[in-house]
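Coordinate-derived values only; no laboratory data. Bear in mind that the values here come from a model prediction, so they are computed numbers and not experimental data. Cβ: placed from backbone, ideal geometry, glycine included. Neighbour counts: every protein chain shown.
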Amino acid sequence: MKTYDVLLFDLDGTLTDPSVGITNSVMYALRHMGVEPPERRTLYKFIGPPLMDSFAQEYGFSQEEARQAISWYREYFQDRGIFENAPYPGIADVLHALRGTGKRLLVATSKPEIFARRILERFGLIDAFEFVAGANLDETRTRKHEVIAYALETCGICEKDSAVMIGDREHDVLGARREGLDCIGVLYGFGSREELLGAGAIALAETVWDVARLLGVPVQ
């Protein structure tokens, strides 16, 4: 694998496991929308894609209904669900090792930027990153390619060959490809091998340690 100097990390399913908080928030929203929530694992598909898309695709909500569902979702998420979450074991060591080699680390997430920063601060990961790029609360800049473009532009990164996206869902891969970046898929998150390879991931990391290894920075 070629050498990359700029590393863009997805948040949910790549840096932290947010499954409890996100699914609890979705369940809360569905109940307020008059829908009986399904079994928790069925809602894992909400982890990664923009919420507007997920509520529309999974429950047939109109744009107005989806916005209302997101409002209910955030009522639960902003103070409770946001911290029903945990960093993947070893991820802090991996980030530290990567930074130690002089690589530039960024976050590119479809989660609202204000929430992403709170999560990273809570778990002591914020200092590993030069910049945290996320969505706006008004549901703009939610597409992964938009977030990636925003991160690159803000940080003055023009040489896209030197940058790689690291994420667990096809949205990460497709967003990266649209912006001219390679993408490493991670299998410890919520996407499958078939999903990631089908979208065009150039390599797969089974564990957080494999992320560092693929980038040429083994971590003991």
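Output the peptides 4-15, 156-167 sorted from most to least packed, where packing is the average of other Cβ atoms within 10 Å over each peptide's residues.
On the way: 4-15: 25.0, 156-167: 18.2.
Final packing ranking: 4-15, 156-167.
Counting pairs of Cα atoms in the stretch 158-206, how many percent are more than 18 Å apart?
Working: 211 of 1176 pairs.
Value for the stretch 158-206 (Cα pairs over 18 Å): 18 percent.
Give me the percent of DSSP beta bridges within the chain that run antiparallel, rounded to the nearest 5.
Values: 2 of 22 bridges.
Around 10 percent of the beta bridges assigned by DSSP in the chain are antiparallel ones.
Can you give the Kirkwood hydrodynamic radius for the stretch 8-67, in Å, rounded to one decimal and based on Cα pairs?
Numbers: mean 1/r = 0.0828 Å⁻¹.
For the stretch 8-67, the Kirkwood estimate is 12.1 Å.
Run through the stretch 1-85 and list the trypsin sites (Lys or Arg not before Pro) located in a DSSP loop whose Cβ has at most 13 other Cβ atoms within 10 Å. Before the final figure, lay out each step's value.
On the way: sites: Lys2, Arg31, Arg40, Arg41, Lys45, Arg67, Arg74, Arg80; in loops: Lys2, Arg80.
For trypsin sites (Lys or Arg not before Pro) across the stretch 1-85 that sit outside H, G, I, E and B with at most 13 neighbouring Cβ atoms in 10 Å, the list reads Lys2, Arg80.
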request  = With N denoting the number of residues in the chain, provide Rg(C-alpha) divided by 2.2 N^0.38 Å, to two decimal places.
outcome  = 0.97
ask   = So, in the chain, how many Lys pairs have Cα atoms under 28 Å apart, if the pair is 8 or more places apart or on different chains?
value = 11
remark   = Within the set Gly60, Gly180, Gly48, GNM on the chain using Cα springs under 10 Å gives the largest fluctuation to Gly60
key: GNM flexibility winner over the chain from Glu195, Glu113, Glu36 (Cα, springs under 10 Å)   = Glu36
key: Label-point gap, in nm, between Ser71 and Leu137 - each point 7 angstrom along Cα→Cβ   = 1.4
ask   = Taking the Cα atoms of the stretch 28-101, what is the range of coordinates along each of the three principal axes, in descending order and whole Å?
value = 49, 22, 21
inquiry  = Counting each pair of different Cα atoms once, what's the Kirkwood radius of the stretch 106-220 in Å, rounded to one decimal?
reply    = 14.5
